[in-house]
Amino acid sequence: MFEQLGASNDVTSKVKTIGILTSGGDAPGMNAAIRAVVRTALANGLQVKGVCRGFTGLLEEDIVDMDAKSVSDIIQRGGTVLYTARCPEFMTKEGQDKGAEICKKHGIDGLVVIGGDGSFQGAKQLAARGINTVGLPGTIDLDIACTDYTIGFDTAVNTAMESIDKVRDTSTSHERCSIIEVMGRNAGYIALWCGIANGAEDVLTTERYDHDEQRIINNIIEKRKVGKKHHIIVNAEGIGDSYGMAKRIEAATGIETRATIIGHIQRGGSPTCKDRVYASAMGAKAVDILCRGGSNRVVAYKHGEFVDYDINEALAMKKDLDEYLYQMSKKLSR
């Protein structure tokens with residue numbers, strides 16, 4: 001599945017101190033990745049420094065030494081023990097120059113950046129300034145094109161699924177229509193997966209929604225005629241307007257309609273087994289890449305294997321919904 005861990009002394013000498021930071025939105029499994037980076041690096045005789053609060057913390061030199069004890073009892077915790085933040089200053093040349101100089105000042109010659117596309121842009125700029133960098137895809141949105149898996153998606157989609165199951169119970173009891181909005185930013189992966197897993201009557205994804213509310217209204221009316229006691233609509237965050245949609249549907253159908261926005265509970269919680277294992281594998285892989293002298297790389301999970309891509313190549317890739325899953329969701333909702 002992925003290459004054997006470890007590195008020989010001749011290549012390990014290329015990197016002596018690895019830094020690690022989490023940037024952008026948090027995601028369950030980030031702590032598993034942090035733990036794997038720290039312990040794999042220590043096993044290879046390297047020093048490790050944690051950069052707190054992402055690129056903001058880097059520019060403020062909020063940097064701490066890390067050892068095996070630093071990452072004890074964190075694999076089961078949600079969020080990120082290194083904290084995270086968004087950093088507009090790091091989008092400027094001055095901020096990027098400063099960040100590279102601070103890395104050099106603290107002896108950080110290899111850096112693991114856990115985050116999304118924006119975080120990879122920052123990693124790319126540091127690599128261009130002589131800091132060996134490797135990115136790990138950490139986002140619940142599953143919207144990074146180079147990889148079939150992103151850290152946190154599995155936990156987030158399970159959290160959303162369980163929440164929708166609960167809403168269905170009360171929706172059935174009151175014979176309501178329920179619109180349930182899930183996260184995902186501009187990507188519809190959480191919505192699509194939950195639509196299938198929860199047996200939703202309508203699934204609205206950012207990539208495919210045609211804004212034809214009349215079609216949804218007609219679907220609700222037809223299903224009510226054949227005895228359906230509830231109607232679940234899973235709505236993607238990128239579409240939004242769930243409360244407005246609920247008012248319009250209720251006015252058009254006469255059926256009580258409620259909107260529920262699940263929100264940030266999807267970002268939290270103890271990571272699933274998959275998020276712990278895959279995030280750990282990605283963290284270890286990142287260290288292996290740095291020990292080989294690699295830089296400007298992104299770790300990905302593709303076709304059942306842990307692989308890596310050049311950051312520029314990864315950022316240039318495009319991603320769309322799985323068309324088969326999307327068409328299947330439409331057939332299963334009939």
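How would segment 91-138 be classified by its alpha-carbon gyration tensor: rounded, prolate or oblate, with rounded meaning a/c under 1.5 and the a/b versus b/c comparison settling the rest? Oblate shape, in that a/c is at least 1.5 and b/c is the bigger or equal ratio.
Each Cα pair under 8 Å and six or more residues apart adds its separation to the average, and for the chain the resulting relative contact order is 24 percent.
Summing Lys and Arg as +1 and Asp and Glu as -1 over all other residues whose Cβ lies under 14 Å from the Cβ of Arg258 gives a net charge of 0. Candidates Leu59, Ile151, Ser295 compared by Cα position along the dipole of the chain: farthest toward the positive end lies Ile151, with charges placed on Cβ. Nonpolar atom fraction for segment 242-334, defined as the carbon and sulfur part of the 1.4 Å probe accessible area, stands at 53 percent. Taking every protein chain into account, the accessible area of the chain amounts to 43 square angstrom per residue (probe 1.4 Å).
The accessible surface of segment 93-135, taken with every protein chain in place and a 1.4 Å probe, is 48 percent carbon and sulfur. A Gaussian network model of the chain, with springs between Cα atoms under 10 Å, assigns the largest mean-square fluctuation among Glu213, Glu201, Glu101 to Glu213.
When only the Cβ of Lys, Arg, Asp and Glu is charged (+1, +1, -1, -1), the dipole of segment 28-128 relative to its Cα centre reaches about 240 debye. Computed from point charges on the beta carbon alone (+1 for Lys and Arg, -1 for Asp and Glu), the dipole magnitude for the chain about its Cα centre is near 380 Debye. Comparing Lys98, Lys124, Lys69 in a Gaussian network model of the chain, where Cα atoms under 10 Å apart are tied by springs, the biggest mean-square fluctuation is seen for Lys69.
What percent does the relative contact order of segment 108-174 come to when contacts are Cα pairs within less than 8 Å and at least six residues apart? So the answer I get is 24 percent. A straight line joining the Cα centroids of segment 102-170 and segment 180-198 runs 18 Å. Inter-label distance, Ser173 to His106: 5.1 nm, where each label sits 7 Å from its Cα along the C-beta direction. Each of Asn218, Ile102, Ala314 was placed along the dipole of the chain (beta-carbon charges, centred on the mean Cα), and the one lying farthest toward the positive end is Asn218.
Considering only alpha-carbon pairs that sit under 8 angstrom and 6 or more positions apart, the relative contact order computed for segment 129-261 is 28 percent.
Projecting the Cα positions of Thr205, Ala123, Met183 onto the charge dipole of segment 115-211 (unit charges on Cβ atoms of Lys, Arg, Asp and Glu, taken about the Cα centre) puts Ala123 furthest along the positive direction. Which net charge results when you count Lys and Arg as +1 and Asp and Glu as -1 among the other residues whose beta-carbon is under 13 Å from that of Ile151? Summing Lys and Arg as +1 and Asp and Glu as -1 gives -1.
The values are calculated or read from the model by the stated rules, or taken from the named source; none is laboratory data. Keep in mind the model is a prediction, meaning the values are calculated, not measured. Here the Cβ is made from the backbone with ideal geometry for all residues, glycine too, and neighbour counts use every protein chain on show. Note: areas computed on protein heavy atoms with side chains; ligands, DNA, RNA excluded. Shrake-Rupley method; radii C 1.70, N 1.55, O 1.52, S 1.80 Å.
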